[in-house]
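The values are calculated or read from the model by the stated rules, or taken from the named source; none is laboratory data. Nothing here was measured: the structure is a model prediction, and the numbers come from that model. Reconstructed Cβ throughout: ideal geometry from the backbone, glycine too, with neighbour counts over all protein chains shown. Ligands, DNA and RNA are stripped out before the accessible areas are found, and what is left, the full protein with its side chains, is counted by its heavy atoms. Shrake-Rupley method; radii C 1.70, N 1.55, O 1.52, S 1.80 Å.
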Amino acid sequence: MRKPAARGNRKETYTSKHKLNFKLSAARPEVKLSCTMSLDVVPSLLLFLSMFGASQACLQDPAAAYRFTGAVCRLTYPAAVVLNEKTTKVIEAAFQHARYPSVKGEKYLFLIGTVLYALENLEIHNLSIGRSAFELRPGEGISMEITNVSAVFNGRIQYGYGSWLVNIEHSIDFEIESQIDLGINPKLYCGAGKVAADTSDCFLNFHKLSLHLQGDKEPNWLKKLFTDFITFTVKLVVKGQICKEINKVASILADFIQERAEQFLSDGDISVDIGVAAAPVITANYIESYHKGLTSYRNVSAVINESVFQPDQLTEHKMLYFWVSDQIFNPMFTAAHHDGRFQLNLSGAELTELFKTKLSSPMPEYIRKCLLESGSPQLSVWSSSVPHLHTSTLGTNIRGTLSAQLHCGAPDAPTLFFQAEVDIDITASYADKKVFLQSNRSEIFVLQAEFASLNQTHLDFIREALEKIGIPKVLSVFETEVTRLLDKQGTDLFDIFNPEVLPQEGFVVIQMDFGFPHHLLVEFLRRTLE
């Protein structure tokens, strides 16, 4: 934990004159919180195959990129197993969405002459997939095998043949029963500032390819000709189109994830570049990617060049890990402060209810009258300095200065104005699809207070009210808003098991097991490929 700065003999001060230098809205109760305040769970979930911008080229050596890394994602082998279970849906979509081109050919036959033929309207039906297996290959990539893919291809053959005696043109429908094994060896690399996958190493093995012509009434020589032709053509066309479609679907899915990450980490003039700093590392037990995490505000970007990441800071007993540096959070806090995001406005019954909390310090009479007799009390609180965050094994320490105004009537007649320095230690957790923030320690120093009559007793009340009413209320609002934001991005649709937020020196580790919601992938493929 970072100790509060030495304060020497600084005393709490106040003045006895009215002073107002701020313009506040008193129209209605309002909570205004930054959408970029949290990197607890979902933003990190989206880091694995995501990017937003590309501020510098990827470094070839991951170790050299550690000091430029703001966030790390480690996906372990058990997580890859869960994701592999969904691979069949992607493969099914690739087969069914592929568009197979018409193919023409010709062959000369003795006595018959030249036979011209064209394969058209090739479609796939009755698709089923047996099993999918994968292997993480250290330093190379991922090996995937999809076996026992059964499918029926339907289409039409246009053909014509003739000689000086006859000239015949026909068309006939056909059906092909097939059984195929599919192999893909994706290579992960750093491309254009993001994690990209090269699926060009793709092959199909046909174990069965049976042709059925409509009615099977054509001459044997014709069926044999078409069998040879269609066998060759289907193998060629299907392989090319399926591998092409797999690459297309994979790219669409990656772009979809990246867009979600961009949307989540961007709001107004604030954005975060989570492009990769180096190519991902693959071991037999996990895949790990390294992300920049550079906050940008009004075209001014933060810099990370002293990150403390080391691979041994993450373990392998959970499915998913996220390592997030303080060097991501602090620029985000700075941007949010300058953008006016840290504001909380309370009024009416909500405000008076808060001050029913029992305090040891007596409530000043003018505050009691303001809350209970004015009929329209309003309290506005905002950050008046950039909050500073430091994480240690004891939690996250946040220090900053806040300002507050309590109005009891007309907006231009404040009852009370004060500034206070707050030093607080917080721990975060996630359970039952909700974010929880716990204050473990707080120190509050009233720096300035302005009203017609103030004394030390009044200052003691302000300090205690901040500690026992203000801080819990702000944390409660943050809990609600961050949970709402996570749900907006779909966190509540995931099955997250035993999530842990582990504060360390200068960074936080978020680790969890998870279940991938089947219906989300199905819906994505339906919307994307329809």
Is the range 324-343 home to any residue that is among the hydrophobic types (A, V, I, L, M, F, W, C) and over 27 Å from residue 404 (Cβ atoms)?
yes
Can residue 93 be described as of a type outside the set (Phe, Trp, Tyr) and surrounded by 21 or more Cβ atoms within 10 Å (Cβ to Cβ)?
yes
Any chance the range 294-306 includes a residue that's of a type outside the set (A, V, I, L, M, F, W, C), at pLDDT below 95 and touching a Pro at 6+ places or on another chain (Cβ under 7 Å)?
yes
Among 370, 408, which is surrounded by fewer than 20 Cβ atoms within 10 Å (Cβ to Cβ), over 22 Å from residue 482 (Cβ atoms) and in contact with a strand residue (DSSP E or B) (Cβ under 6 Å, 6 or more places away or on another chain)?
408
Name every residue in the range 113-145 that is under 22 Å from residue 232 (Cα atoms), open to solvent by less than 80 Å² (accessible area, probe 1.4 Å) and not acidic (Asp, Glu), in order of residue number.
113, 114, 115, 117, 118, 119, 122, 124, 125, 127
Looking only at the range 349-358, filter to residues that are farther than 20 Å from residue 453 by Cβ, in contact (Cβ under 8 Å) with a residue 12 or more places away in the chain and not hydroxyl-bearing (Ser, Thr, Tyr); which one of those is most open to solvent (accessible area, probe 1.4 Å)?
350
Could you grab me the full set of residues in the range 330-376 that are touching a His at 6+ places or on another chain (Cβ under 7 Å) and part of a loop (DSSP other than H, G, I, E, B)?
364
Residue by residue through the range 353-380, note down the ones that are β-branched (Val, Ile, Thr) and either touching a Gly at 6+ places or on another chain (Cβ under 7 Å) or at pLDDT below 90 (or both).
367
Within the range 314-348, residues being more than 20 Å from residue 478 (Cα to Cα) and open to solvent by 30 Å² or more (accessible area, probe 1.4 Å) number 4
Return yes or no: is residue 455 under 26 Å from residue 485 (Cα atoms) and open to solvent by 50 Å² or more (accessible area, probe 1.4 Å)?
no
How about the range 79-163: which strands (runs of 3 or more DSSP E) wholly inside it have at least 2 residues that are at pLDDT 85 or above?
113-137, 141-162
Identify the single condition in (1) open to solvent by less than 40 Å² (accessible area, probe 1.4 Å); (2) among the hydrophobic types (A, V, I, L, M, F, W, C); (3) modelled with pLDDT of 95 or more that residue 485 does not satisfy, given that it satisfies every other one.
(3)
With the structure loaded, tell me whether residue 55 is open to solvent by less than 40 Å² (accessible area, probe 1.4 Å) and modelled with pLDDT under 75 or whether it fails that test.
no
Check on residue 442, touching a strand residue (DSSP E or B) at 6+ places or on another chain (Cβ under 6 Å) and modelled with pLDDT under 95:
yes
Scan the range 207-262 residue by residue and report those that are at pLDDT 70 or above and outside any helix (DSSP H, G or I).
207, 208, 209, 210, 211, 212, 213
Scan the range 269-299 for residues that are on the phi > 0 side of the Ramachandran plot and either in contact with a helix residue (DSSP H, G or I) (Cβ under 7 Å, 6 or more places away or on another chain) or assigned to a strand (DSSP E or B) (or both) and jot them down.
293
Check residue 302 against each of (1) free of Cβ contacts under 8 Å to residues at least 40 places away in the same chain; (2) open to solvent by less than 30 Å² (accessible area, probe 1.4 Å); (3) more than 30 Å from residue 511 (Cβ to Cβ) and name the one condition it does not meet.
(3)
